[in-house]
Amino acid sequence: MNRVYLLGGAQTDFERNWSKEGKGAEALLREVLTDSLDITGLTFEDIQRLNSENRIAVFVGNFCAERYICQGHLGALVSKACPEFVGVPSSRYEAACASGSVAIDAAATKIRAGEYDVCLVVGWELMKTLDSERCGDVLGLAAHYETEGRGVTFPFPKLFGKLADEIIAKYHHDEDRFMAALAAISAKNYSNAKRNPLAQTRRWYMSAEQAMSRGSEGNALVGGRLAVSDCSQVTDGAAVVILCSESFASKRDCQCSEIIGWGHRSAPMLYEDKMREARSSEDILPWTRKAVLDAYGRANICVDDVDVFETHDCFTSSEYAAISSFGLAKPGDEIISIEEGRFSFDGEIPINPSGGLIGCGHPVGASGVRMLLDLHKQVTGAAGGYQVPDAKIGMMLNIGGSATTNYTFIVKHV
């Protein structure tokens, strides 16, 4: 089985509103693909040569452009944005908020099989084309729409608010102490975002005290116990990672990383079915934990070998659940590690130094790709102001729906 390397890639500025700029998907794709080639030292001539040899393909991760911008057939849209890609095999992959990861998985599989030498993975979403209520309805498609989304205002804050309820009940947490831990997660990710020049909230302010003022002006409750401060952002943006074979990487003069572990598990689609399964498990999200263990097994490492984590903090409750899923704390003990500051930027094991989905932004189809790109930056020492010192191995968790699709990747510096 061939090894899978990362050359690098690019991310758009997640602060931007592309509709207000008078730009759409084609401009977004053209910019991020061109930037990714420039950063990795590839040219459009290289793309055309590799295509003539049938050694390149493009994999597109996107959740719901059909509803956000009335456009489908997104693999083909790449060549409309960049005519230099005409003839290059290109396809679209979808798995709700894990759309980017399923595209990464497909690309990596093709390289492992020896079918391609270079695979460009582009994840993107333009979400600011709709008002917040209609955007929430579209996001409800990532749940079971007929029973969990239709007619529900902001369905996902409510589902992850229920996850907070379940965590409190399962581990017998004091409510105030638990909600303070969620506020600390929010404040950490906003603080980390200030180090990231491409983060959506880098100019915003959020303290733990403000995050604790749930239900107040400026921090309205949106889903059960969860407030605005507990939520990831509605974001326009794109990210690209360029994967390649070992033989191709050996010919490039750049810092490379390698995907050494991966996991993919699907839980029941309905939230209540997930929670019913979890009641017989030590873990709050047992299928998420299995995806993590699969990645550790394939990489032949354990949690103690990982230097930095990027996780899917669509809500503070999802990052909280990820802590024990990674094995960074025993189920029920996450609250202690948060209070000790273990996962802060300067802590023992940084989580989301990029700012995560809450701080960096969450253009749904791009998030998995953005996380992998940030891991590559971390382990190659290219993360700039949010670089974790001496990071050599990084791990990510990207989930779709209410932790229905679970993807994990582990990246190591070569």
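The values are calculated or read from the model by the stated rules, or taken from the named source; none is laboratory data. The model shown is predicted, which means the values in this text are computed figures rather than measured ones. Cβ placement follows ideal geometry from the backbone for every residue including glycine, while neighbour counts extend to all protein chains displayed.
In table form, for the structure just shown:
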quantity	calculated
Top-ranked residue in region 1-42 [being of a type in the set (Gly, Ala, Ser) and in a strand (DSSP E or B); ranked as surrounded by the most Cβ atoms within 10 Å (Cβ to Cβ)]	GLY9
Any chance ARG265 is modelled with pLDDT under 95 and either in contact with a helix residue (DSSP H, G or I) (Cβ under 9 Å, 6 or more places away or on another chain) or buried (at least 17 other Cβ atoms within 10 Å of the Cβ) (or both)	no
Of all residues in region 38-56 being hydrophobic (A, V, I, L, M, F, W, C) and in contact (Cβ under 8 Å) with a residue 40 or more places away in the chain, the one that is nearest to VAL379 (Cα to Cα)	LEU42
Residue match in region 380-388 (condition: over 18 Å from GLN255 (Cα atoms) and part of a loop (DSSP other than H, G, I, E, B))	no
Answer from ALA169, ALA180 - the residue that is at pLDDT 95 or above, within 23 Å of GLY347 (Cβ to Cβ) and surrounded by fewer than 21 Cβ atoms within 10 Å (Cβ to Cβ)	ALA180
Residue list for region 288-311, restricted to those being within 12 Å of PHE409 (Cβ to Cβ) and of a type in the set (Val, Ile, Thr)	VAL292, VAL306, THR311
Region 109-136 - residue that is small (Gly, Ala, Ser) and surrounded by fewer than 24 Cβ atoms within 10 Å (Cβ to Cβ) and, of those, modelled with the lowest pLDDT	SER132
Extreme residue, surrounded by the fewest Cβ atoms within 10 Å (Cβ to Cβ), among residues of region 297-319 that are farther than 19 Å from TRP287 by Cα and among the hydrophobic types (A, V, I, L, M, F, W, C)	ILE301
Residue in region 299-319 that is farther than 21 Å from LYS377 by Cα, modelled with pLDDT of 95 or more and either of a type in the set (Lys, Arg) or over 19 Å from the mean Cα position of the chain (by Cα) (or both) present	yes
Residues located in region 195-210, provided they are more than 22 Å from GLY61 (Cβ to Cβ) and touching a residue at least 60 places away in the same chain (Cβ under 8 Å)	ARG195, PRO197, THR201, ARG202, ARG203
Residue in region 345-372 that is surrounded by the fewest Cβ atoms within 10 Å (Cβ to Cβ), counting only those that are of a type in the set (Gly, Ala, Ser) and part of a loop (DSSP other than H, G, I, E, B)	GLY347
Any pair with Cβ under 8 angstrom, 6 or more apart, that starts in region 1-26 at a residue that is over 22 Å from ASN196 (Cβ atoms) and polar (S, T, N, Q) and ends at one that is modelled with pLDDT under 95 and surrounded by 23 or more Cβ atoms within 10 Å (Cβ to Cβ)	none
Residue in region 52-68 that is among the hydroxyl-bearing types (Ser, Thr, Tyr), assigned to a helix (DSSP H, G or I) and surrounded by 20 or more Cβ atoms within 10 Å (Cβ to Cβ) present	yes
Selected residue (criterion: surrounded by the most Cβ atoms within 10 Å (Cβ to Cβ)) from residues of region 389-414 that are of a type in the set (S, T, N, Q) and outside any loop (DSSP other than H, G, I, E, B)	ASN398
Extreme residue, surrounded by the most Cβ atoms within 10 Å (Cβ to Cβ), among residues of region 323-344 that are closer than 16 Å to TRP287 by Cα and touching a residue at least 40 places away in the same chain (Cβ under 8 Å)	SER325
Test result for GLU45, under 22 Å from the mean Cα position of the chain (by Cα) and surrounded by fewer than 22 Cβ atoms within 10 Å (Cβ to Cβ)	no
Residue that is surrounded by the most Cβ atoms within 10 Å (Cβ to Cβ), among those in region 193-244 that are of a type in the set (Ser, Thr, Tyr) and within 29 Å of SER19 (Cα to Cα)	SER232
Single residue of PHE44, PHE59, PHE14, PHE63 found to be of a type in the set (A, V, I, L, M, F, W, C) and either more than 28 Å from GLY361 (Cα to Cα) or in contact with a Pro (Cβ under 6 Å, 6 or more places away or on another chain) (or both)	PHE44
Where PHE85 falls short, out of the listed (1) more than 17 Å from the chain's Cα centre (by Cα); (2) over 28 Å from ILE259 (Cβ atoms); (3) touching a residue at least 12 places away in the same chain (Cβ under 8 Å)	(2)
